[in-house]
Structure formats: C-alpha cells, structure tokens
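Down below is the structure, laid out as structure tokens.
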Amino acid sequence: DAHHRAEVDRLVEQEEQASFGEECEDATGTIREQQQQIVELENALATESAKNAELQQLSRRFHQMARKLSTM
C-alpha cells in the first residue's frame, strides 16, 4: 500500500544519507591524516635541508683549509 511504500522510501533515504555521512566522515578523516603527514614531511624536509646546508658549509671550510695547508 502507499503508506508502506512511503515508509520504505523514507527508510531507504535515511540509510542513504547515513551512508553518505559516513563516507564524508571517512574522507574527512583521510584528508586530516594526509594533512598531518604533509606537515610531518615538511618538518623532516626542513630539518634535512638545514643539516645539508650545515654539511655544505663544513665541506667548504674543509676544502679551504686543505688548500691553505697544501700551499704551505
């Protein structure tokens, strides 16, 4: 009957909305996790870049000293 069909349609609609809401929550959680990973990777990159710059500076100093010593 029409009343039963309307109730079924309403329940189906509720289920679809709930399922969509769960998918949105899952996607939002995934996005947050990826954003956190990006932040962590950016921090690691900044740390490694700083280490690299320091090592390059030390290398230049070493080569300068080596040249000075070789001319003595």
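Among 14, 57, 64, 35, which is over 31 Å from the mean Cα position of the chain (by Cα), surrounded by 10 or more Cβ atoms within 10 Å (Cβ to Cβ) and modelled with pLDDT of 95 or more? If you could, list the steps in order and put the result at the bottom.
Numbers: 14 fails: modelled with pLDDT of 95 or more; 57 fails: over 31 Å from the mean Cα position of the chain (by Cα); 35 fails: over 31 Å from the mean Cα position of the chain (by Cα).
None of the other options fit; the residue is 64.
Determine, yes or no, whether residue 26 is surrounded by 10 or more Cβ atoms within 10 Å (Cβ to Cβ), at pLDDT below 90, in a helix (DSSP H, G or I) and not hydrophobic (A, V, I, L, M, F, W, C). Let's see the steps before the verdict.
On the way: surrounded by 10 or more Cβ atoms within 10 Å (Cβ to Cβ): yes; at pLDDT below 90: yes; in a helix (DSSP H, G or I): yes; not hydrophobic (A, V, I, L, M, F, W, C): yes.
So residue 26 fits the description; yes.
The values are calculated or read from the model by the stated rules, or taken from the named source; none is laboratory data. Since the model is a prediction, treat every value here as computed from it, not as a measurement. Reconstructed Cβ throughout: ideal geometry from the backbone, glycine too, with neighbour counts over all protein chains shown.
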